[in-house]
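The structure appears below as structure tokens.
The values are calculated or read from the model by the stated rules, or taken from the named source; none is laboratory data. Remember, it's a predicted structure, so these values are computed and weren't measured experimentally. Here Cβ is always computed from backbone atoms with ideal geometry, including for glycine, and neighbour counts include all displayed protein chains.
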Amino acid sequence: MTLQDVARRYAVAISPHLLSLVDPADPKDPIARQFLPSLEELNTLPEELADPIGDSAHSPVPFIVHRHPDRVLFKVVAACPVYCRFCFRREMIGPAKENALAMDALEAALAYIAGHPEIWEVILTGGDPFILTPRRMAEITGRLAAISHVKVIRWHTRVPVTDPERVNDDLVAALHAPGCTTVVEPIPTRDHTERMLTHFGAEISVKDEEDGRRAVTVRGDAELVGVPITVPGDPSSAAFAIAAGLICEGSDIVLEGVLMNPTRAGFIETVRDMGGDVELLDLRLEGGEPAADLRVRAGTLRGVDVPPERAPSMIDEYPVLAVLAAFAQGETRMRGLAELRVKESDRLAATAAGLAACGVETAIEGDDLIVMGKGSVPGGATVETHMDHRIAMAFLTLGLGAEQPVTVDDIAMIATSFPAFVPLMTKLGGQFR
Ligand code: SF4
């Protein structure tokens with residue numbers, strides 16, 4: 001057995017770009033290991049399958065895989081610029097296979113899609129469909145775009161990584177869909193892109209469906225016009241100054257130009273639920289985004305129940321919200337914080353540990369964080385930040401209102417997200433050593 005035998009069975013290729021990244025002196029070079037054939041590939045184990053993900057069982061016509069009702073895979077080519085040794089389609093791809101879709105096969109696949117109105121998404125795959133000529137790509141895009149129930153055309157490709165020189169103006173132009181393209185979001189996400197594109201002149205409409213999904217439609221070939229934009233202030237950074245203003249006795253501060261996009265305003269909403277005195281002044285549009293000046297005055301806060309649905313709009317603000325909860329009267333329960341465990345650190349654990357160290361009664365129940373506020377916080381501890389900038393800033397903010405000074409074990413990482421944090425808080429009256 002030789003490597004020629006391997007290559008006869010499974011195609012072998014690496015692009016000049018990836019080859020240039022291989023370190024020949026390193027026998028374990030990860031790129032080389034992805035693409036260099038090995039004799040072991042000819043040992044077929046009993047559990048190995050020729051079609052490991054079962055494409056053929058869901059293939060009503062050649063080159064179509066229809067596994068989910070509303071979506072099909074359309075395997076438009078059986079070749080790639082590289083051949084990955086781990087590829088689960090490697091039995092079916094390579095130069096020795098029939099790799100260009102013949103005209104009758106293309107027509108049969110398109111007819112199948114056109115005959116199934118439940119299909120709203122077509123995923124073009126292969127092989128790697130970006131290996132097609134731009135002319136062929138444009139032709140396929142145009143044919144699919146002409147089927148009225150097809151709302152999303154998605155290209156599965158690794159070409160921008162494996163063979164970036166192939167991505168040229170002609171290829172990009174081939175991807176331009178004429179007419180309208182609609183993206184349906186199963187869960188509504190942050191809409192900064194839609195707002196910014198609208199500000200530049202794109203025609204975008206947004207429709208909330210009855211089942212909770214959101215359909216965003218953009219008209220193709222828009223003429224975008226450059227306009228001056230003022231970028232509103234980041235609400236995640238503003239949260240620290242707002243918290244400081246609320247817990248430091250006698251505070252009365254104004255934060256200018258804070259982003260008030262509803263997908264980012266969960267912290268302000270929660271703070272107001274807690275009785276926090278945050279007044280919105282001069283609500284306006286800046287760069288297509290709602291923005292306002294915020295007047296914050298110190299006062300009494302009460303514990304609240306924060307629903308899990310609010311988490312996406314304030315996920316980065318929970319550490320500082322937990323700090324506020326410690327200064328409130330009564331229990332605050334922040335629900336559904338699983339995502340906090342996989343941030344720069346396990347923020348759920350770090351926040352609970354920091355609060356406990358500062359003398360605050362706190363608990364984690366499942367994915368909920370519970371803080372028993374008593375209106376004041378003893379402080380006087382050194383808090384472990386786990387090199388997480390938001391944990392550091394949250395507990396420095398806590399120190400501003402605590403009875404005893406609070407120390408954090410590191411602040412170097414604050415410089416990456418909020419370099420003006422210490423100067424700004426110092427300007428507001430905070431003392432840092
Ligand atoms: S289909 Fe994807 S995983 Fe398979 S060889 Fe081509 S690029 Fe690699």
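Below is a table of values for the structure above.
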| item | result |
| --- | --- |
| Identity of the residue in region 28-85, farther than 27 Å from D104 by Cα and among the hydroxyl-bearing types (S, T, Y), that ends up nearest to the ligand (Cβ to nearest atom) | Y83 |
| Evaluation of I147 against (1) within 16 Å of the ligand (Cβ to nearest atom); (2) touching a residue at least 12 places away in the same chain (Cβ under 8 Å) (one fails), failing number | (1) |
| Evaluation of P160 against (1) assigned to a loop (DSSP other than H, G, I, E, B); (2) out of contact with any strand residue (DSSP E or B) (no Cβ under 9 Å at 6 or more places or on another chain); (3) modelled with pLDDT of 90 or more (one fails), failing number | (1) |
| Residues (closer than 16 Å to V152 by Cβ and of a type in the set (D, E)) located in region 205-231 | E209 |
| Residues of region 327-383 satisfying the condition of being among the hydroxyl-bearing types (S, T, Y), crowded, with 22+ Cβ neighbours inside 10 Å and out of contact with any Leu (no Cβ under 7 Å at 6 or more places or on another chain) | T332 |
| Sole exception among (1) of a type outside the set (V, I, T); (2) within 33 Å of the chain's Cα centre (by Cα); (3) assigned to a loop (DSSP other than H, G, I, E, B) for D26, by number | (2) |
| Qualifying position, being on the phi > 0 side of the Ramachandran plot and of a type in the set (A, V, I, L, M), among M387, M393, M334 | M387 |
| Selection within region 119-142 - under 28 Å from the mean Cα position of the chain (by Cα), more than 16 Å from the ligand (Cβ to nearest atom) and over 14 Å from H176 (Cα atoms) | I119, W120, E121, V122 |
| Residues within region 163-179 that are touching a strand residue (DSSP E or B) at 6+ places or on another chain (Cβ under 8 Å) and either surrounded by fewer than 13 Cβ atoms within 10 Å (Cβ to Cβ) or in a helix (DSSP H, G or I) (or both), tallied | 1 |
| Where a residue in region 80-94 is touching a residue at least 40 places away in the same chain (Cβ under 8 Å) and its partner, wherever it lies, is aromatic (F, W, Y) and within 6 Å of the ligand (Cβ to nearest atom), with Cβ under 9 Å and at least six apart | R90/Y83; I93/Y83; G94/Y83 |
| Cross-chain or 6+ apart pairs with Cβ under 8 Å, region 14-30 first and more than 17 Å from V167 (Cβ to Cβ), then among the aromatic types (F, W, Y) and assigned to a helix (DSSP H, G or I) | I14/F35 |
| Residue that is under 17 Å from E344 (Cβ atoms) and modelled with pLDDT of 95 or more, where the choices are A402, A392, A381, A415 | A392 |
| Filtered residues of region 157-196 (kept if in contact (Cβ under 8 Å) with a residue 40 or more places away in the chain and small (G, A, S)) | A174, A177, G179 |
| Among (1) touching a residue at least 12 places away in the same chain (Cβ under 8 Å); (2) in a helix (DSSP H, G or I); (3) within 16 Å of the ligand (Cβ to nearest atom) - the single one R154 does not satisfy | (2) |
| Within region 298-326, tally of residues that are surrounded by 23 or more Cβ atoms within 10 Å (Cβ to Cβ) and free of Cβ contacts under 8 Å to residues at least 40 places away in the same chain | 1 |
| Boolean, V231 is over 24 Å from P308 (Cα atoms), loosely packed, with under 15 Cβ neighbours inside 10 Å and modelled with pLDDT of 90 or more | yes |
| Answer from T416, T385, T397 - the residue that is hydroxyl-bearing (S, T, Y) and within 19 Å of G245 (Cα to Cα) | T397 |
| Filtered residues of region 111-136 (kept if crowded, with 20+ Cβ neighbours inside 10 Å and part of a helix (DSSP H, G or I)) | I113, P129, F130, I131 |
